[in-house]
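The next block holds one structure in the form of structure tokens; read it before the comments.
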Amino acid sequence: RKEVEQDPGPFNVPEGATVAFNCTYSNSASQSFFWYRQDCRKEPKLLMSVYSSGNEDGRFTAQLNRASQYISLLIRDSKLSDSATYLCVVNSLANQAGTALIFGKGTTLSVSS
Amino acid sequence: NAGVMQNPRHLVRRRGQEARLRCSPMKGHSHVYWYRQLPEEGLKFMVYLQKENIIDESGMPKERFSAEFPKEGPSILRIQQVVRGDSAAYFCASSLEGVRGSGQPQHFGDGTRLSIL
């Protein structure tokens, strides 16, 4: 089982649509969770951290289910500018430092007018 | 620009040459991480450094690759005797504290695209 798995996509949606991405992780001891966004051939940019209680930032809502080792990202009212690859990221506890981030391969979103 | 600075943006080397990639963390950040992204693949952790110390190099290939973060100056990722398979985007990230337990995110530089002829 891969350490972080995501829906492969691509997701093709019209403007205004609501879209949800799912992610599962294999290490039950993982402690930190993030969603990053990566535009084509650019650097990953932090979209939001994911907290156990769930959190919202404008049109974006992230959920974490530790029991199921499942993370989700919901985007409401999609904009053309939301087109990107969304990366599910979990911190690794493979060593004492527990500092490495494990990235999923990403889910590609394409929003069309 | 107070973000993570990487240079060069693009680097072309012939097989057998050396590649040096540089990274200056965000102001105030003392934790630096290097990642590699192969075409059509996700980012893979390579190494984590603090000033003058390698904390975790579990993702580094055993041969030809090395990294340092000296007391003064940028962090350097060095690849000796490059091969075609080293062609990738190499991203550097920095954080205020270590990730473990603190939830501190890592902020990424623009990356260096390394091409091996």
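Hey, any hits in the stretch B:38-60 for a residue that's basic (Lys, Arg), under 10 Å from the mean Cα position of the chain (by Cα) and assigned to a strand (DSSP E or B)?
Initial filter on the stretch B:38-60 (basic (Lys, Arg)): B:44, B:51.
Subsequent filtering for residues that are under 10 Å from the mean Cα position of the chain (by Cα) retains none.
No, there is no match, as no residue in the stretch B:38-60 is basic (Lys, Arg), under 10 Å from the mean Cα position of the chain (by Cα) and assigned to a strand (DSSP E or B).
Against the condition within 10 Å of chain B (Cβ to nearest Cβ), in contact (Cβ under 8 Å) with a residue 60 or more places away in the chain and surrounded by fewer than 19 Cβ atoms within 10 Å (Cβ to Cβ), how does A:Gln31 come out, does it pass? Reasoning before the result, please.
Numbers: within 10 Å of chain B (Cβ to nearest Cβ): yes; in contact (Cβ under 8 Å) with a residue 60 or more places away in the chain: yes; surrounded by fewer than 19 Cβ atoms within 10 Å (Cβ to Cβ): yes.
It is true that A:Gln31 is within 10 Å of chain B (Cβ to nearest Cβ), in contact (Cβ under 8 Å) with a residue 60 or more places away in the chain and surrounded by fewer than 19 Cβ atoms within 10 Å (Cβ to Cβ).
Does B:Gly28 count as under 18 Å from B:Pro105 (Cβ atoms) and within 14 Å of chain A (Cβ to nearest Cβ)?
So B:Gly28 fails the test.
Quick grid of which residues meet (1) at the interface with chain A (Cβ under 8 Å from one of its Cβ atoms); (2) closer than 30 Å to A:Val50 by Cα; (3) in contact with a strand residue (DSSP E or B) (Cβ under 8 Å, 6 or more places away or on another chain):
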{"residue": "B:Ser24", "(1), (2), (3)": "no, yes, yes"}
{"residue": "B:Tyr33", "(1), (2), (3)": "yes, yes, yes"}
{"residue": "B:Arg36", "(1), (2), (3)": "no, yes, yes"}
{"residue": "B:Met60", "(1), (2), (3)": "no, yes, yes"}
{"residue": "B:Pro74", "(1), (2), (3)": "no, no, yes"}
{"residue": "B:Ile79", "(1), (2), (3)": "no, no, yes"}
{"residue": "B:Arg84", "(1), (2), (3)": "no, no, yes"}
{"residue": "B:Leu96", "(1), (2), (3)": "no, yes, yes"}
{"residue": "B:His107", "(1), (2), (3)": "yes, yes, yes"}
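Could you give every pair whose Cβ atoms fall below 8 Å, whose first residue belongs to the stretch A:46-57 and is more than 14 Å from B:Gln104 (Cβ to Cβ), and whose second residue is in a loop (DSSP other than H, G, I, E, B) and of a type outside the set (S, T, N, Q), counting only separations of at least 6 or pairs across chains?
A:Ser52/A:Arg66
Please go through the stretch B:8-25 and pick out each residue that is of a type outside the set (A, V, I, L, M, F, W, C) and farther than 19 Å from B:Lys71 by Cα.
B:Pro8, B:Arg9, B:His10, B:Arg13, B:Arg14, B:Arg15, B:Gly16, B:Gln17, B:Glu18 - these are the residues of the stretch B:8-25 that are of a type outside the set (A, V, I, L, M, F, W, C) and farther than 19 Å from B:Lys71 by Cα.
Of all residues in the stretch A:51-78, which are part of a strand (DSSP E or B) and either among the hydroxyl-bearing types (Ser, Thr, Tyr) or surrounded by 13 or more Cβ atoms within 10 Å (Cβ to Cβ) (or both)?
A:Asn55, A:Phe60, A:Thr61, A:Ala62, A:Gln63, A:Leu64, A:Tyr70, A:Ile71, A:Ser72, A:Leu73, A:Leu74, A:Ile75
Answer yes or no as to whether B:Gly59 is on the phi > 0 side of the Ramachandran plot and either surrounded by 14 or more Cβ atoms within 10 Å (Cβ to Cβ) or at pLDDT 90 or above (or both).
Details: on the phi > 0 side of the Ramachandran plot: no; either surrounded by 14 or more Cβ atoms within 10 Å (Cβ to Cβ) or at pLDDT 90 or above (or both): yes.
Judged against the criteria, B:Gly59 is not a match.
Can you name the residue in the stretch B:46-85 that is aromatic (Phe, Trp, Tyr) and in contact with an Asp or Glu (Cβ under 8 Å, 6 or more places away or on another chain) and is also nearest to A:Cys40 (Cα to Cα) among such residues?
It comes out as B:Tyr48.
Name the single residue, out of those in the stretch A:34-57 being within 12 Å of chain B (Cβ to nearest Cβ) and polar (S, T, N, Q), that is farthest from B:Met5 (Cα to Cα). It would help to see each step written out before you state the result.
Step one: list which residues in the stretch A:34-57 are within 12 Å of chain B (Cβ to nearest Cβ), which gives A:34-52, A:55.
Those left that are additionally polar (S, T, N, Q): A:38, A:49, A:52, A:55.
Values: A:Gln38: 17, A:Ser49: 23, A:Ser52: 32, A:Asn55: 30 Å.
Out of the qualifying residues, it is A:Ser52.
Looking at A:Gly9 and the list (1) surrounded by 13 or more Cβ atoms within 10 Å (Cβ to Cβ); (2) in a strand (DSSP E or B), which single condition is not satisfied?
(2)
The values are calculated or read from the model by the stated rules, or taken from the named source; none is laboratory data. Only a predicted model underlies this, so the values are computations on that prediction, with no experimental measurement involved. With ideal geometry, Cβ positions are generated from the backbone for all residues, glycine too; neighbour counts draw on all protein chains shown.
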